[in-house]
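Visitor: Would you mind keeping the following structure in view while I ask a few things?
The values are calculated or read from the model by the stated rules, or taken from the named source; none is laboratory data. From a predicted model like this one, the values you see are computed outputs, not experimental measurements. Here Cβ is always computed from backbone atoms with ideal geometry, including for glycine, and neighbour counts include all displayed protein chains.
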Amino acid sequence: MKIEGQAVLITGGGGGLGAGTARALASAGAKVALLDSNIGNAISIAQEIGGIAIECDVSDEASGVDALETARSKHGPARILVNCAGIAPAEKIVGKNGAMPLDNFRQVIEVNLIGTFNLIRLAAADIMELPTLEDNERGVIISTASVAAFEGQLGQAAYGASKGGVHSLTIICAREFARYGIRVNTIAPGLFATPMLLGMPQDVQDSLAATIPFPSRFGTPAEYAKLAMSIIDNVMINGETIRLDGGIRLQPR
Ligand SMILES: NC(=O)c1ccc[n+]([C@@H]2O[C@H](COP(=O)([O-])OP(=O)(O)OC[C@H]3O[C@@H](n4cnc5c(N)ncnc54)[C@H](O)[C@@H]3O)[C@@H](O)[C@H]2O)c1
């Protein structure tokens with residue numbers, strides 16, 4: 001799909017990967033709406049790129065509905081959704097204080113999995129109503145899993161399970177939306193230089209980076225954005241989770 005002139009929704013647009021994608025899509029001529037629970041960060045990126053910031057908790061049904069309505073009223077209906085909102089707290093299933101509280105597990109599933117599904121269902125319902133473009137295409141949806149969907153580490157029970165769910169949803173959504181010309185794909189990043197990782201002590205960052213075969217450094221939001229742009233551009237990419245990870249395979253710890 002040609003990006004120029006399209007209305008785009010980016011959840012987590014105030015964060016690292018979402019902001020990188022917002023910059024790239026705005027440079028390519030898209031009208032970008034940044035949906036984030038951290039409205040301050042979303043506003044500063046929106047101002048930089050000439051987009052709009054909308055406060056939204058992706059895990060909340062009404063908040064998602066309101067956010068899409070606001071975006072639609074300013075930019076028209078979006079054909080492109082990029083799901084980048086997410087949280088990554090680490091906790092053992094049974095730690096020093098006993099079994100993990102169920103609410104801690106639930107919160108990660110709520111934001112990462114249910115939040116992703118919430119926006120997919122709302123965006124897809126809108127896109128289905130739009131006229132087709134070249135190749136009978138109507139829209140493109142990209143979500144963000146993680147390599148932890150496949151080899152989650154100790155402490156990643158909730159995070160890995162949530163990202164495994166995002167991966168599993170991908171082919172199911174792609175199959176259901178195929179007749180409407182909506183493609184659905186997922187990017188599974190390895191280690192990327194965003195506030196999520198850059199908050200760790202430098203020695204931890206260095207030892208993590210050393211585990212990446214090549215290139216032995218964190219990926220950048222611009223590199224994530226390049227893959228997102230390529231998925232949007234290439235109509236044959238559908239129903240797939242693509243690892244973007246420099247060849248890393250996470251170790252147990
Ligand atoms: N950085 C990495 O190495 C890495 C690796 C694998 C996967 N990921 C995934 O990539 C995505 C983006 O991560 P990032 O590294 O840019 O992190 P980040 O913390 O920089 O950005 C995440 C953004 O999501 C927003 N957010 C959190 N909860 C929300 C909610 N309920 N509703 C709306 N917005 C919410 C935050 O405010 C933040 O702006 C996440 O889903 C993360 O799990 C990141």
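Visitor: Would you pick out the residues in the stretch 230-240 that are of a type in the set (Val, Ile, Thr) and not in a loop (DSSP other than H, G, I, E, B)?
Guide: Ile231, Ile232
Visitor: Read through the list (1) within 15 Å of the ligand (Cβ to nearest atom); (2) within 20 Å of Gln6 (Cβ to Cβ); (3) polar (S, T, N, Q), then give the number of the only condition that Ser27 fails.
Guide: (1)
Visitor: Could you look through the stretch 155-193, keep only residues that are of a type in the set (Ser, Thr, Tyr) and within 15 Å of the chain's Cα centre (by Cα), and pick out the one that is surrounded by the fewest Cβ atoms within 10 Å (Cβ to Cβ)?
Guide: The initial filter retains those residues of the stretch 155-193 that are of a type in the set (Ser, Thr, Tyr), namely 159, 162, 168, 170, 180, 186.
Going one step further and asking which of them are within 15 Å of the chain's Cα centre (by Cα), we end up with 159, 162, 168, 170, 186.
Details: Tyr159: 24, Ser162: 29, Ser168: 15, Thr170: 23, Thr186: 28.
Across the stretch 155-193, the extreme among qualifying residues is Ser168.
Visitor: Another question, then. Examine the stretch 142-158 for a residue that is away from the ligand (no atom under 12 Å from the Cβ), without any contact (Cβ under 8 Å) to a residue 40 or more places away in the chain and either touching a helix residue (DSSP H, G or I) at 6+ places or on another chain (Cβ under 8 Å) or within 20 Å of Pro252 (Cα to Cα) (or both), and state whether such a residue exists.
Guide: Checked the stretch 142-158: no residue is away from the ligand (no atom under 12 Å from the Cβ), without any contact (Cβ under 8 Å) to a residue 40 or more places away in the chain and either touching a helix residue (DSSP H, G or I) at 6+ places or on another chain (Cβ under 8 Å) or within 20 Å of Pro252 (Cα to Cα) (or both).
Visitor: Find all pairs meeting these conditions: Cβ atoms under 8 angstrom apart; at least six residues apart or on different chains; first residue within the stretch 104-122 and in contact (Cβ under 8 Å) with a residue 24 or more places away in the chain; second residue of a type in the set (Asp, Glu) and within 9 Å of the ligand (Cβ to nearest atom).
Guide: Gly115/Asp57; Asn118/Asp60
Yes/no per residue for (1) more than 11 Å from the ligand (Cβ to nearest atom); (2) over 27 Å from Val235 (Cα atoms); (3) among the aliphatic types (A, V, I, L, M):
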site	(1), (2), (3)
Gly5	yes, no, no
Arg23	yes, no, no
Lys31	yes, no, no
Gly40	no, yes, no
Glu61	yes, yes, no
Thr70	yes, yes, no
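Visitor: Could you check Asp57 against (1) touching a residue at least 60 places away in the same chain (Cβ under 8 Å); (2) touching a Ser or Thr at 6+ places or on another chain (Cβ under 7 Å); (3) charged (D, E, K, R) and say which number it fails?
Guide: Asp57 satisfies every listed condition except (1).
Visitor: Could you look through the stretch 42-57, keep only residues that are near the ligand (Cβ under 9 Å from one of its atoms) and of a type in the set (Asp, Glu), and pick out the one that is nearest to Arg72 (Cα to Cα)?
Guide: For the stretch 42-57, the residue satisfying everything is Glu55.
Visitor: A further question follows. Taking the stated definitions as given, is Thr170 in contact with a His (Cβ under 8 Å, 6 or more places away or on another chain), of a type outside the set (A, V, I, L, M, F, W, C) and at pLDDT 95 or above?
Guide: Answer is no for this residue.
Visitor: Still on this structure, please answer the following. Hey, does the stretch 160-175 have a residue that's of a type in the set (A, V, I, L, M) and in contact with a Cys (Cβ under 6 Å, 6 or more places away or on another chain)?
Guide: The answer is no; no qualifying residue exists.
Visitor: Please go through the stretch 194-229 and give me each residue that is over 15 Å from the mean Cα position of the chain (by Cα), assigned to a loop (DSSP other than H, G, I, E, B) and at pLDDT 90 or above, ordered by number.
Guide: Thr211, Ile212, Pro213, Phe214, Pro215, Ser216, Arg217, Phe218
Visitor: Mind listing just one residue for me: the one in the stretch 7-21 that is more than 18 Å from Asn112 (Cβ to Cβ) and touching a strand residue (DSSP E or B) at 6+ places or on another chain (Cβ under 6 Å) and, of those, nearest to the ligand (Cβ to nearest atom)?
Guide: Per the criteria, the residue is Val8.
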